Each structure stands twice: as structure tokens, then as C-alpha cells.
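Following: one structure in C-alpha cells, then a few remarks.
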Amino acid sequence: MNSEFTKLFELIISASLINNFVFTRFLGLCIFFGVSKKMETAVGMSITFTAVMMISAAVSWVVFTKVMIPLEITFLEIIVFIGIIAGLVQASDTIMRKVSPGLYYKLGIYLALISTNCIILAVPLVNAGEKYTFIQSLAFGLGSGLGFALALIIMASIREKLELADVPAAFKGLPMAFVITGLIALAFTGFSGLITL
Amino acid sequence: MSSPSTTSLKDLFLNGIIKENTIFKLALSLCPSIAVTNNLKNGIFMGLAVLFVQTMVNLTISLMRKIIQPKVRLPIFMLVISGWVTITQMMMAAFVPDVYAKVGLYIALIVAFASILARAEMFASKNSIVPSMVDGLGMGVGFLFALTVISFFRELVGKGTLTVPTGLATQHVFTFINTKPVLIMVLPAGGFLAVGILMALFNWIDARYMKKTAHASH
């Protein structure tokens, strides 16, 4: 039991720091660059993201292990996972509009973007590829969500300061954001070897 | 968005390469532009996969545009895209297993490319077959071009070599620089730096020679 708990903890740390989706696997970059301009939206987005990611990891695991493996249709994984995610996003869109219109007003547009986001799709694909158990899949989803939140918040705080900086004209906007991300990624390579799985 | 009656097919083709270059101008579908570009060969094959998917998706959607119900069009687009991506994935696993081993995850994630869905929605669902295919080809070639430029730059600076594919399973490694190369460029962090620098270069050329304001920045 104890070693299993340690393993889960290691999985979360590894998914959020060592194999951070943004900095070492380069996924979800469109959203990462799109949302990281303001701290407020970055925080909201991270919360939505982590929630959708964990739920989709759970649902996809059940569908993959209980339906697709017995029926031997695992080659359809892309189509099935994207279907699950689109359904989930539509559902959370409806729920959020009813429960919290204020949050919906702020994040609704990003919620629509989530369904075509690679991180959300990558989590079930990696889970299926690595043959994680149900709990491990959840932990991987949580870790990836936390890692993305960390990346977004670091980036948002830097970009808020950057507004005041004197950047060469050609580098204004996205190119500078890329260079900064490169520097953060360089810092994140320092986490490799933190734990060995 | 201009209609094909006012613009020639050539303009349509060039539009995807220069004016609306997916990576350098629209800043969409960035993930593979960094993930697979530390090696020229991987970059080229990834670009070819996207080119194929984009063209075939545009073709399929354009053929089906009259029978798709507008209300359910997005799920249908996603189904068409994931179908073609699955086909591409299987073909690559069969014909270029060594590339597939490295870029496999990113091939599957072509499904989530905003640019492919956007072309299906904005162009192919409204235009006939030939313009749609040309549009798809243009966008795909633009993507291939961007990936080739980035991976050329990164491999040359990072390793001092260029891996040029000479066939499906063969390749030739040219060595240009024998001294210690700038290793950071082939590391993950270097990908961001390379794209940032290239983007700035494009902006600079744009502002300098095209007499236009740089609009890659938001």
C-alpha cells in the first residue's frame, strides 16, 4: 500500500515537473500562448483545464479498458477519445452556463477551445499507451493539469511584467513569448533526474 | 476570406504558404513545430503527414458539404479528421517505423490541430472540390515549409548535421560543422528559442520589405 502511494506521488511529480506537458512535451501551446497574457484568465483556465483533464482521463479509461479492449477496437482510440472529450466539453459548457454565468462569461470561449486541445487528448492516449491503472490514470491527469497550471501561471506573471519592457519591434508579442518560454524550459530541464520512475 | 471567383487558384495556394502560414503567421498548431523539429527528417515527415491530412480532409468535407446538417457539422468534421489521421498513423507505422517511433504521439494529435478544423469550417464546407483541395495543399505546404525551416535551423546549429531522407527507409547524414555545436538548440528549450527567433525574423522581413505592419503579435 505504502509503495503504491509513493508510486502515485512520483507519477504526479513526474507528470507536472519532469515531463511537464508544456515545457518538455510541447503540447497545448496554442492555449498556453493564447491565455497567458493575464493572470486572471490564466488561473481560471488552469482550473477548468485540470477538471476537464481528470474527468476525461477517468471516462476514457473506463471506455478503453471495459469496452474497447474486449471488443478489440483499440485502433479506434483517436476517434473515440475525441468523441468523449467533445461530449464532456459540451456538458461542462452547459453546466457552467447554468451554475456560474460569471465564470462562463470569462471562460466560455476557452472551454470551446479545449475540445481541440492536444493536452486533453494526449492524457487518455498516454494513459492507454502506458497501460496505467484507473488510479494511476487519474493521478497522471491531475499531475498534467497541475503542471499546465504551473506553466500558465509562471508565464502569465512574466508577461504581465513584460508589458512594461522595451522589446525590439520584431520581437514584440509572440516571438518574445517564445524566447521566454525557451528560458523557462531550460530551467525546467533542471528537474530531470529529480526522481527516476 | 476571399472567394475563389475573385482570387486565382495560385493566389489561394500561396495564401496558405505566405500570408496565412499556420505557424509563423497564425501561431496555430505549434506543438509539433517544436516537438519533432530537432531533426530535419522527422520535421519533413511530420509536415508531409499534415499536408496529406489537410488535403484529404478538405476534399472529403467539400464532397460532403451539401449533405452535412449545419447543426451537427462540427462533430462530423472531427470524425472525418480523426478518420484520416488514423489512416495516416497506420501508414506511417507501416512505412516509416523509425520516424513513427519518435513522432507517433504527435501524429495522433494532428486531430487536435486548430488549423485543420478551421480550414474545414471556413473554406472546404463552403467551396467546391478543386479550390478546397488547392487550399488544403497550400496550407499543408505552408506547414511543411515552416517545419522544414525550423528543423533545418535547429539540426544545423544544434548538431552540425543535416539528416536528409533519400527514400522511405533511407537517409543521408551530412556533416557541416565538426566543432562543438550549440547543443541547446536540439534540446527542448532550444525549440522555443528557435521558433521565437524565426518568427521575429519573419516579422522583420515582413515589416522591412513588404511594407506592412507585423501582425503575428496579438
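Any read-out appearing in this document is the output of simple, stated calculations on the displayed coordinates, not a laboratory observation. Keep in mind that what you see is a predicted model, and the values were worked out from it rather than measured. Neighbour counts are summed over all protein chains in view; Cβ atoms, including those assigned to glycine, are modelled from backbone coordinates with ideal geometry.
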Can you run the Rg to Rh ratio on the protein assembly as shown? Use alpha carbon positions and the Kirkwood inverse-distance Rh. 0.95
Say we join alpha carbon atoms closer than 10 Å with springs in a Gaussian network model of chain A; which of A:150, A:186, A:71 then has the biggest fluctuation? A:71
Taking +1 at the Cβ of each Lys and Arg and -1 at the Cβ of each Asp and Glu, which of B:75, B:163, B:105 sits farthest along the dipole of chain B towards its positive end, judged by Cα position relative to the Cα centre? B:75
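Just to verify a number: FRET efficiency for residue B:19 and residue A:62, C-beta to C-beta distance, R0 = 60 Å, to 0.05? Mind dumping the intermediate values first?
Details: r = 45 Å, r/R0 = 0.76.
Efficiency, rounded to the nearest 0.05: 0.85.
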Over the stretch B:40-145, relative contact order from alpha-carbon pairs under 8 Å, at least 6 apart, %: 54 percent
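Can you sort A:4, B:155, A:77, A:10 by how many other beta carbons sit within 10 Å, fewest first? Can you show the working numbers first?
Working: A:4 11, B:155 26, A:77 21, A:10 17.
Listing A:4, B:155, A:77, A:10 from fewest to most nearby Cβ atoms yields A:4, A:10, A:77, B:155.
For a quick check: sort B:209, B:100, B:106 by the number of other beta carbons within 10 angstrom, fewest at the front. It would help to have the intermediate numbers written out before the result.
Working: B:209 8, B:100 19, B:106 22.
Sorted ascending by nearby Cβ count, the order is B:209, B:100, B:106.
Which order do B:92, A:53 fall in if you start with the one that has the fewest other Cβ atoms within 10 Å? Present the calculation step by step, with values, prior to reporting the outcome.
Values: B:92 20, A:53 29.
Lowest to highest Cβ neighbour count: B:92, A:53.
What number, rounded to the nearest 500 deg cm²/dmol, is the helix-based mean residue ellipticity at 222 nm of chain B, given -39500 (n - 2.57) per DSSP H run of at least four residues and division by all its residues?
Values: 8 runs with 130 residues, N = 218.
Using -39500 (n - 2.57) per qualifying helix, the result is -20000 deg cm²/dmol.
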Name the residue from A:55, A:100, A:88 whose Cα lies farthest towards the positive end of the charge dipole of chain A, charges +1 on Cβ of Lys and Arg and -1 on Cβ of Asp and Glu. A:100
Rank A:87, A:129, A:147 by mean-square fluctuation in a GNM of chain A with C-alpha springs under 10 angstrom and give only the top-ranked residue. A:129
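Could you work out the Rg to Rh ratio of chain A, with Rh taken as the Kirkwood radius (inverse of the mean 1/r over all Cα pairs)?
On the way: Rg = 17.7 Å, Rh = 17.7 Å.
Ratio of gyration radius to Kirkwood radius: 1.00.
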Cα-based Rg and Dmax for the stretch B:9-209, where Dmax is the largest Cα-Cα distance (Å): 17.5, 61
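About the Cα centre, and with charges only on the beta carbon of Lys, Arg (+1) and Asp, Glu (-1), how big is the dipole of the stretch A:2-191? Nearest 20 debye, please.
Numbers: 12 positive and 10 negative charges, 68 e Å.
In debye, rounded to 20, the stretch A:2-191 gives about 320.
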Under 14 Å from the Cβ of residue B:70, count the other residues' Cβ atoms, weight Lys and Arg +1, Asp and Glu -1, and hand me the total. +4
If the elastic network links every pair of Cα atoms under 10 Å, which of A:78, A:120, A:153 fluctuates the most in the Gaussian network model of chain A? A:78
To the nearest 10 degrees, how steeply does helix B:188-209 sit against the main Cα axis of chain B, on a 0 to 90 scale? 70 degrees
Label-point separation (nm) for residue B:209 and residue A:7, each offset 7 Å from Cα along Cα-to-Cβ? 5.8 nm
Linear extension gain, residue B:101 paired with residue B:164, 0.36 nm per residue minus alpha-carbon span: 20.9 nm
